[in-house]
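Since the structure comes first, as structure tokens, the remarks are kept for the end.
The values are calculated or read from the model by the stated rules, or taken from the named source; none is laboratory data. No experiment lies behind these values; they were computed from the predicted model shown. Note that each Cβ is placed from the backbone with ideal geometry, even for glycine, and that neighbours are counted across all protein chains shown.
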Amino acid sequence: MNVIKKLFSKQKKAKIEFCQRNLEQFLQEENYTAYNEFLSRKNVVYKEFECQSRCKECRMSPYAMVNGDFVTAENSDELLKKMAEYID
């Protein structure tokens, strides 16, 4: 029965939106692999926008929109951790 539940359970997908300019400014090259693994999860759907019209926030720190909520952090490493906590 547990196998059937795992096969047919509908896990809610997390929708994550990024600003391309923000990623270019704050995403560190050593974090590329970790971000790729996170964004490759089955329950994660992401989209990258050229601009999200959040210029003030964009200049200050890395951020992402997770299921419509604004999530920000001191650095890209911390942002990844916050996004993972948010959707788990």
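Could you list, in sequence order, all residues of region 42-54 that are more than 11 Å from the chain's Cα centre (by Cα) and within 15 Å of PHE18 (Cβ to Cβ)?
Going through region 42-54, the residues more than 11 Å from the chain's Cα centre (by Cα) turn out to be 42-43, 49-54.
Passing the criteria: PHE49, GLU50, CYS51, GLN52, SER53, ARG54.
For region 68-86, does any single residue satisfy the condition of being of a type in the set (A, V, I, L, M, F, W, C) and touching a Cys at 6+ places or on another chain (Cβ under 7 Å)?
no
In region 51-79, which residues are under 23 Å from LYS13 (Cβ atoms), at pLDDT 95 or above and either surrounded by 14 or more Cβ atoms within 10 Å (Cβ to Cβ) or in contact with a helix residue (DSSP H, G or I) (Cβ under 6 Å, 6 or more places away or on another chain) (or both)?
Passing the criteria: PRO62, TYR63, ALA64, MET65, VAL66, VAL71, THR72, ALA73, SER76, LEU79.
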